[in-house]
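Shown next, in C-alpha cells, is the structure this report addresses.
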Amino acid sequence: MAKYKNHILVCGGTGCRASQGEEIVQNLGKVIEENSLENEVQVVRTGCFGFCEKGPVVKMVPDNTFYVQVTPEDATEIVSEHLVKGRKVERLLYTDPETQERVSESKDMGFYKKQIRIALRNCGFINPENIDEYIARDGYAALGKVLTELTPEEAIKVIIDSGLRGRGGGGFPTGLKWDITRKVEAEQKYVVCNADEGDPGAFMDRSILEGDPHAVLEAMAINGYCTGASKGLIYIRAEYPLAISRLKIAINQAREYGLLGEDIFGTGFSFDVELRYGAGAFVCGEETSLIHSMEGLRGEPTVKPPFPSESGYKGMPTNVNNVETYANIPVIILEGAEWFSSIGTEKSKGTKVFALAGKVNNVGLIEVPMGTSLREVIFDIGGGIKDGKKFKAVQTGGPSGGCLTEKHLDIPIDYDNLLACGSMMGSGGMIVMDEDDCMVSVAKFYLDFTVEESCGKCAPCRIGNKRLYEMLDKLTEGKGTEEDLTLLRNLSNVIKDTSLCGLGQTSPNPVLSTMENFADEYEAHVRHGKCPAGQCKSLMQYVIEAEKCIGCTLCSRVCPVDAITGDKKEPHLISQETCIKCGACYEKCKFGAISIQ
Amino acid sequence: MADIKLPAGKVEELKEVCKKLGNEGGELINALHAAQELFGYLPAEVQELVANEMNVSVAHVYGVVTFYSFFSMIPKGEHPISICMGTACYVRGAEKVLDEFKRHLDVKVGETTPDGKFSISCLRCVGACGLAPVVTVGDKVYGRVAAEDVKGILEEYK
Ligand SMILES: Cc1cc2nc3c(=O)[nH]c(=O)nc-3n(C[C@H](O)[C@H](O)[C@H](O)COP(=O)(O)O)c2cc1C
Ligand code: SF4
C-alpha cells in the first residue's frame, strides 16, 4: 500500500453502487490515467461509509476530505482540482443544515460526532477484497494471540468478562454460549454465522459482510478454537449477491495465507468455512429453523431445548452467532475485556449498529455506544425529521419490536430498557415515522409480513396472526368496533403466550405497542371512522380548495388517472370516483391547495 | 406427469452440479438454487429431475420449493419488476408505487403479463434504504420512485 501518495476511497456498498458508484470508480480511473497519476493515486472500493443518505460517498486520503452525492461526471473535477491543484471541490462538500457551512471532514459532521465504531471499524476504510489491508489494521492478530497465548477457557473468559451479548436480537451472553458449546463432548462441532438478516429495513449485517468480511471469518475461527469446532458455516441470504461474492473472495484469500485450513499458525488447529444460502424465508433467521434449512429441509423451527449448542447441525453441538456479534470479537481479544466493558450501560456493553431509515434526514448505518438515547440518534445523528415534519414514532426490533413515541425519546437504549417499553433491540433496524404515518396501518403492515412469513407449524401463529391482520384491516376500512379492540388485545396475548418459536411469540408486539402508545388513533378509527394521519384510503379523500387553487394545471398533469379537471387559471376539481388516492397531486401542489379530508 | 421437454444441455449441466454436491439430500437447497439459475424457474419437470438426482422424494422437493419465497414455479417476465416492501420503503410510499405498477400492467404481485414482458414481485429490503422507495427492473435499480414515475419507467422497456 505504501507506494501510493494518495488514495481515493469510493463507497462500494449496495446503496452507493445502486447510484452509480461503479461508474464513479471507472471514471476516476480513466481521468487518473489521462493525467498520468496512476503511480501516485489509487482508487479503492471500500465498504459502506454509513452516510447512505448523501451517497455516493468519496473520501480522499490522506487529507480525509469527504465528498458527498458524487456523480460519475464529477470525476474529472475531483482529479483536476483536488489532486492536481490541491484545491477542494467546494460544491461536493457536505453542507451543515444548521449553519449552512461546508464541512470537509466526517469527524466534524453531526452524523458522525456521537458514533463510536467497533463493529464497523473497517467499513469504509479498507478494500474488503484485499486481505493485506485487513491485516494492516491488526487483522488476524487476535486469532494469532488466541491460538498461541491463550487456552480456550482463557479466551472464553475474556469474552464473558467483556459483557458482550448477542447482536442478533435475543441478547444472550456470547461468552456463556461459547462455554456451553465447549463443554458438550462430541466428535464434530460446528460454528455457524447467522447472516440471514430478515428484518425488512435493516442492513447492518450485510454492510459488515460487504465492508469487512475477514473480521467475521477471523472471529469464527476464534470461536472454533474456543468451542472445539473445526467447521464453520455462514448462512447467508441469497438476496445479498455482493456480500456473497466478497465473502467468497475473503475465504479464498484466507486459505491462501494459511489463516483458514489445516494447521493454522503451525499450532495444529484446523478450521475452515463454507457458505450456505438462504432462500427468502424470514423464519430461517431463527436458529433452529436455520439449521434445518442448512440440512436441506423446510426451515421450520423446533422446540428448545435442546439448544443448538447441545444438538444442532446434523445433531452435533452448534454454536450460532450473529454477524455483528462476530465483528466485535477480534477487537475484544486485542483490546481486552475491561476496555470493552467500559463502554455502554450496566447490563449492555459495547456499541450497537443501527440501520436508521424512514422519515429521517440522514438515513444510514450508524454505530453508537449502548445507552445513547433515541433522541440523540434521531435528532443529533439522524438530523431530525424530513421536510420539517413532526416526529411521531420510532420502530425498533422489526416485526418483533414495537413503536416507541415521544415519551421514550430520552431513555438510554439497551436490551433491557427497550424490552421494558414494549419493544426490543432486535437486530438493529430503526425506522422513524412522522405525523403522516398511521399507526394502525403500520401495525397492519407488520402483521401482513408475519402472516406471509409464518411457517405454519403451530396454530396460534398460523391462524392467530391472520385473524389479527383481518381485524386490523377492518379498522383501516372504518368498519371496526369497540369489541374488535378488546379482541385484538386478547388474541395478541394468546399468540404471544402459546406460539412455538420467537416469531409468533413476538409478532403481536407491533399491535400491542401501537395500541398502548397510540390508543387515541385506534379510537379515532373505531369511534369516528377517521384516520388522523390521513393514510387509510377508505377513510379519506383528496380535495382542492378553490380559494387557494390558482389553476397552474400541475396537479392535473401528474395525476396518473386523469381524475383532475379544470381550465388554466381556474380552480381545479378532483373527481372522487376516478381518484385512486395515490397522492401524487398532493405532493406536487406548490400552493397547499390540496388537502386531505 | 408431463414429458420432460427440458433442453438436454441444461439437464446435463444440472446433473453435473448435483453430482458435485454429492447427490445428497442435505444439499437440496443449493441444488435448487443452481436449477433456478439454469432454467429461470422451477417447473414440475425440473423438480422431478432434482429429486431424482439428489435422492429425495418429489414431494420433499415440492415441500421445500413452496416453503421458500426465493423459489418460483412460474417463469418471470422478460423484465422482472421488484418493488421493495421493506419498512423503510413502506413508510416512504412504496405501496402507492406498487399500486401504480399493478394498475398499469393489470397483473397482481407474483404474476407475469400475458405477453411475458413484465412480472411484478415484492421483495423485503434490498438494503438501499437511503434511496427509498426502491424499485428494481432486472438488474437496474431505481431510487426515490414516486407513483407518477411509474409510467416513465415502463416506457423504457416497451
Ligand atoms: C423469527 C426470528 C428471526 C430471527 N432472525 C435473525 C436474523 O435475521 N439474524 C440473526 O442473527 N438472528 C436472528 N434471530 C435470532 C437467532 O435465533 C439467534 O438467537 C441468533 O442468531 C444468535 O446469535 P447471537 O447470540 O449472536 O445474537 C431470529 C430469531 C427469530 C425468532
Ligand atoms: S410461531 Fe409461527 S413461525 Fe414459529 S413455529 Fe409457530 S407457526 Fe412457525
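The values are calculated or read from the model by the stated rules, or taken from the named source; none is laboratory data. The model shown is predicted, which means the values in this text are computed figures rather than measured ones. Cβ: placed from backbone, ideal geometry, glycine included. Neighbour counts: every protein chain shown. The accessibility values were calculated without ligands, DNA or RNA, using every heavy atom of the protein model including side chains. Shrake-Rupley method; radii C 1.70, N 1.55, O 1.52, S 1.80 Å.
Some notes on this structure:
- Computed from backbone phi with θ = phi - 60° and the Karplus coefficients 6.51, -1.76 and 1.60, the 3J(HN,Hα) list for segment B:78-93 is 4, 10, x, 9, 10, 9, 6, 10, x, 4, 4, 6, 4, 6, 9, x Hz; x is used for glycine and proline.
- Ranking by accessible area, most exposed first, for A:PHE591, A:PHE282, A:PHE518 with a 1.4 Å probe: A:PHE591, A:PHE282, A:PHE518
- Global form of chain A, assessed from the alpha-carbon gyration tensor, a/c cut-off 1.5: oblate
- Beta bridges per DSSP with both ends in chain A, % antiparallel, nearest 5: 60
- Interface burial for A against B (accessible surface, 1.4 Å probe, total of both chains, Å², rounded to 100): 3800
- Listed peptides A:198-209, A:576-587 by packing density, highest first (mean Cβ within 10 Å): A:198-209, A:576-587
- Summing +1 for each Lys or Arg and -1 for each Asp or Glu among the other residues whose beta-carbon sits under 13 angstrom from that of A:GLU101 gives -4.
- C-alpha long axis of helix B:58-67 to longest principal axis of chain B, angle in °: 20
- Ellipticity estimate at 222 nm from DSSP helix runs (n ≥ 4, -39,500 (n - 2.57)) divided over chain A, nearest 500: -10000 deg cm²/dmol
- Average accessible surface for segment A:349-500: 33 Å² per residue, computed with a 1.4 Å probe over protein heavy atoms with every protein chain in place.
- Evaluated over segment A:439-527, the count of Lys pairs having alpha-carbon atoms less than 20 Å apart is 9 (only pairs 8 or more residues apart or interchain).
- Relative contact order, whole percent, for segment B:8-67 stands at 34, derived from Cα pairs under 8 Å and 6 or more residues apart.
- Relative contact order of chain B, taken over Cα pairs closer than 8 Å and 6 or more residues apart, is 18 percent.
- Candidate cross-link partners of A:LYS548 among the aspartates and glutamates, defined by an alpha-carbon separation under 13 Å and a same-chain spacing of 8 or more, comprise A:GLU570.
- Other protein chain C-beta atoms within 10 Å of residue C-beta, averaged over B:128-140: 5.
- Most tightly packed first, judged by the mean number of other beta-carbon atoms within 10 Å of their residues, the peptides A:360-373, A:229-242, B:142-155 read A:360-373, A:229-242, B:142-155.
- Those residues of segment A:263-279 for which accessible area with every protein chain present is at least 10 Å² below the isolated value (1.4 Å probe): A:ARG276, A:TYR277, A:ALA279
- Pairwise centroid distance, computed over Cα atoms, of segment A:34-79 with segment A:363-439, Å: 32
- Inter-chain neighbour count for B:60-73: the average number of beta-carbon atoms from partner chains within 10 Å of each residue's beta-carbon is 4.
- Relative contact order, whole percent, for chain A stands at 11, derived from Cα pairs under 8 Å and 6 or more residues apart.
- Accessible surface, chain B, averaged per residue in Å² (probe 1.4 Å): 46
- Label positions at A:LEU176 and A:GLU149, each projected 7 Å from the Cα along the C-beta direction, are separated by 2.8 nm.
- Ordering of A:64-77, A:558-571, A:502-515 by packing [mean C-beta count within 10 Å, highest first]: A:502-515, A:64-77, A:558-571
- Fraction of accessible area attributable to carbon and sulfur, the protein assembly as shown (%, probe 1.4 Å): 49
- Taken residue by residue and averaged, Cβ atoms of other chains lying within 10 Å of the Cβ of B:78-88 number 5.
- Proximal aspartates and glutamates relative to B:LYS5, as straight alpha-carbon distance under 16 Å, when same-chain residues fewer than 8 apart are discounted: B:GLU13, B:GLU45, B:GLU48
- Axial C-alpha extent at least 27 Å, average Kyte-Doolittle at least 1.0 - helices from chain A (DSSP): none
- Of the residues A:TRP339, A:TRP178, the one with the largest accessible area comes first in the ranking A:TRP339, A:TRP178, computed with a 1.4 Å probe on protein heavy atoms.
- In this Cβ point-charge picture (+1 for Lys and Arg, -1 for Asp and Glu), segment B:8-67 has a dipole of about 40 debye about its Cα centre.
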